[in-house]
Amino acid sequence: PPHTTLSENSLHSGTVLNSWKVVWVVLSEDGLEFFKRKTDNAPKGMIPLKGAVLTSPCQDFSKRTFVFKLRTAKNQDHYFQASHLEERESWVKNIKRVITCLQGDRKFTRKSTRRSIRLPDTINLSELYILMRDQEDGVKELKLEKEKRVYNHCFTGGTVVDWLISKDKARNRHEALMLATGLLTEGFLQPAGDLSKEAVEGGAESAVLDDPDALYYFADSGFFCEGYSSDEDVILKEEFRGNIIKQGCLLKQGHRRKNWNVRKFILRDDPAYIHYYDPTKGDENPLGSIHLRGSVITAVEFVPEAKRYDVDGNLFEIITSDDTHYFLQATTPEERKEWIKAIHTVSKTGK
């Protein structure tokens, strides 16, 4: 069954405990168990899935992306945050299948996982977004200049409309605008300039404008704007310009206290950087960045100065060109292999 690190926030019977904690989650055939850490034998709690309702994407937390909500048969709400879109979609798909199996008194098995559950008359915006993000066949991200400002990783509302029509996702421009507005409302697209922001705030029928001056960007892209600064438009530094190569949660050892914390890592190339974040606080302000150009990445079997019980294995080390050492733990040998390979490639090719 799926199992990974997610952020979890529970609202129990009217009491708001609005603090997010990183938990290890395992999906069983009738519930969602969550553990304080992966190595714990007993779960901290279990959410029964019989009669539960899943909401995704969940918009209850405007600053947080990739959140889904589980409402149990007893009307208790549980919120979970994945580290990226594909991870959330995988969880949602599998949890929905368990719920459907429980409704029909069937056992959730891998066989039923392959049988796709088709939602009639429902457009899957997440799938549409993944197609739009395709490097070859998706919506092209451009560098666009408007009124002495340069918008990077951007496109116009008209480009989105043209793409939706060309891929037979919409029959006409009006229908395409409705679809694009859905993507904007769900947070997959973001307004980039004054005109597109005004349209969103103005509450027009279509929040996406079919206009060459209305600019948008993908929620998880390296969008940044140059030429001026304001509180609204954060000018991201040079190191955020690259495409995202890989992202997910790893354990990182602190430099001073040598304790281990779950951190969300985002790896970009050109320039070669890996940023790490507190996964309970979103992606706006990284806790730190590692410049990977010329660094060495190796699997290691032990960490000097680490307490033995803090280490589950699957360790690897990044040594930067200025000889700073970072020790990280993946959850599985495969995951460690994937991270080492991806970071190694970026360290060689990125500037």
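The values are calculated or read from the model by the stated rules, or taken from the named source; none is laboratory data. None of these values were measured; they are calculated from a predicted model. With ideal geometry, Cβ positions are generated from the backbone for all residues, glycine too; neighbour counts draw on all protein chains shown. All accessible areas refer to the heavy atoms of the entire protein, side chains included, with ligands and DNA or RNA removed. Shrake-Rupley method; radii C 1.70, N 1.55, O 1.52, S 1.80 Å.
Annotations for the structure displayed:
- Within segment 18-34, residues that are more than 13 Å from P279 (Cα to Cα) sit with their Cβ atoms under 6 Å from residues that are small (G, A, S) and modelled with pLDDT of 80 or more, at 6+ positions apart or across chains, in these pairs: F34/G45.
- Residue match in segment 328-340 (condition: more than 28 Å from K63 (Cβ to Cβ), without any contact (Cβ under 8 Å) to a residue 24 or more places away in the chain, open to solvent by 20 Å² or more (accessible area, probe 1.4 Å) and of a type in the set (V, I, T)): yes
- From the options Y277, Y273, residue that is surrounded by 20 or more Cβ atoms within 10 Å (Cβ to Cβ) and within 15 Å of the chain's Cα centre (by Cα): Y277
- Within segment 207-238, if we keep just the residues that are open to solvent by 30 Å² or more (accessible area, probe 1.4 Å) and touching a Cys at 6+ places or on another chain (Cβ under 8 Å), the residue that is modelled with the lowest pLDDT turns out to be I235.
- N261, sole failed condition from (1) open to solvent by less than 40 Å² (accessible area, probe 1.4 Å); (2) part of a strand (DSSP E or B); (3) modelled with pLDDT under 90: (1)
- Of all the residues in segment 152-184, those that are within 29 Å of E238 (Cα to Cα), touching a residue at least 40 places away in the same chain (Cβ under 8 Å) and under 24 Å from the mean Cα position of the chain (by Cα) number 8.
- Options I245, I297, I318, I290: the member that is part of a strand (DSSP E or B), open to solvent by 60 Å² or more (accessible area, probe 1.4 Å) and at pLDDT 90 or above: I245
- In segment 134-151, the residues that are under 24 Å from L85 (Cβ atoms) and among the aromatic types (F, W, Y) reach residues that are at pLDDT below 85 and not in a loop (DSSP other than H, G, I, E, B) with C-beta atoms within less than 9 angstrom, at least six apart or across chains, in these pairs: Y151/E145; Y151/F224; Y151/C225; Y151/E226.
- Residues that are modelled with pLDDT of 85 or more and either more than 22 Å from T332 (Cβ to Cβ) or open to solvent by 30 Å² or more (accessible area, probe 1.4 Å) (or both), drawn from segment 17-26: V26
- Being small (G, A, S), surrounded by fewer than 18 Cβ atoms within 10 Å (Cβ to Cβ), more than 25 Å from the chain's Cα centre (by Cα) and at pLDDT below 85 is true of A204.
- Test for E284: is it among the acidic types (D, E), assigned to a loop (DSSP other than H, G, I, E, B), under 18 Å from H255 (Cβ atoms) and open to solvent by 40 Å² or more (accessible area, probe 1.4 Å): no
- Any chance V161 is in a helix (DSSP H, G or I) and at pLDDT 80 or above: yes
- Count of segment 128-176 residues which are hydrophobic (A, V, I, L, M, F, W, C) and either open to solvent by 60 Å² or more (accessible area, probe 1.4 Å) or over 14 Å from A214 (Cα atoms) (or both): 11
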